[in-house]
Amino acid sequence: MIKPKAYKTEIIDKNTAKVNFQLTQDLFYLKGHFEVQPLLPGVVQVGYVVDFSKELLNLDVITNFQVIKFLSPIIPEDTV
């Protein structure tokens, strides 16, 4: 998975970490998703959770979701 160019991580405890980044306009995953208002695809958001959980906490995240709902779009220049 292509991660943001710059991000900060903080490990809180053995099961908790924070990752902060600003979503830049040039992120690969924004291309073509969507023309009028680019947004970070949900599958990429889940991928970030899986990758950072493994990298920072050595946790395996189960991703066989039956239903998942994203309440707020993440758009370029948002801080996540």
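The values are calculated or read from the model by the stated rules, or taken from the named source; none is laboratory data. These numbers come from a predicted model, not from an experiment. Note that each Cβ is placed from the backbone with ideal geometry, even for glycine, and that neighbours are counted across all protein chains shown. Remember, those area values only see protein heavy atoms, side chains included, never the ligands or the DNA or RNA. Shrake-Rupley method; radii C 1.70, N 1.55, O 1.52, S 1.80 Å.
Points worth noting:
- For the chain, built as a Gaussian network whose Cα springs stay under 10 Å, the top-fluctuating residue of 25, 37, 66: 66
- Options (1) -0.74, -0.91; (2) -0.63, -0.80; (3) -0.91, -0.97 - which one matches log10 I(q)/I(0) by the Debye sum over Cα atoms at q = 0.17, 0.19 Å⁻¹ as calculated here: (1)
- Within the accessible area of the chain (1.4 Å probe), percent carbon and sulfur: 57
- Residue 16 - accessible surface, heavy atoms, 1.4 Å probe, Å² rounded to 10: 60
- Mean separation of Cα contacts under 8 Å (6+ apart) over length of the chain, as relative contact order %: 36
- For the stretch 23-80, the per residue solvent-accessible surface stands at 72 Å², with DNA, RNA and ligands left out and a 1.4 Å probe.
- Dipole moment magnitude, nearest 20 debye, the chain about Cα centre, only Lys, Arg, Asp, Glu C-beta charged: 100
- Exposed loop sites here are chymotrypsin sites (Phe, Trp or Tyr not before Pro) assigned a DSSP state other than H, G, I, E or B and surrounded by at most 13 other beta carbons within 10 Å; excluding them, the longest clear run of the chain is 1-33.
- Estimated from helical segments only, the mean residue ellipticity of the chain at 222 nm is -6500 deg cm²/dmol, where each DSSP H run of four or more residues counts as -39500 (n - 2.57).
- Checking every one of the trypsin sites (Lys or Arg not before Pro) in the stretch 1-34 against DSSP loop status and a limit of 11 other Cβ atoms within 10 Å picks out 5, 14, 31.
- Extending 7 Å from the Cα toward the beta-carbon at both residue 51 and residue 67 defines two label points whose distance is 2.9 nm.
- Where 59, 30 fall by accessible area, highest first, once all protein chains stay in place (1.4 Å): 59, 30
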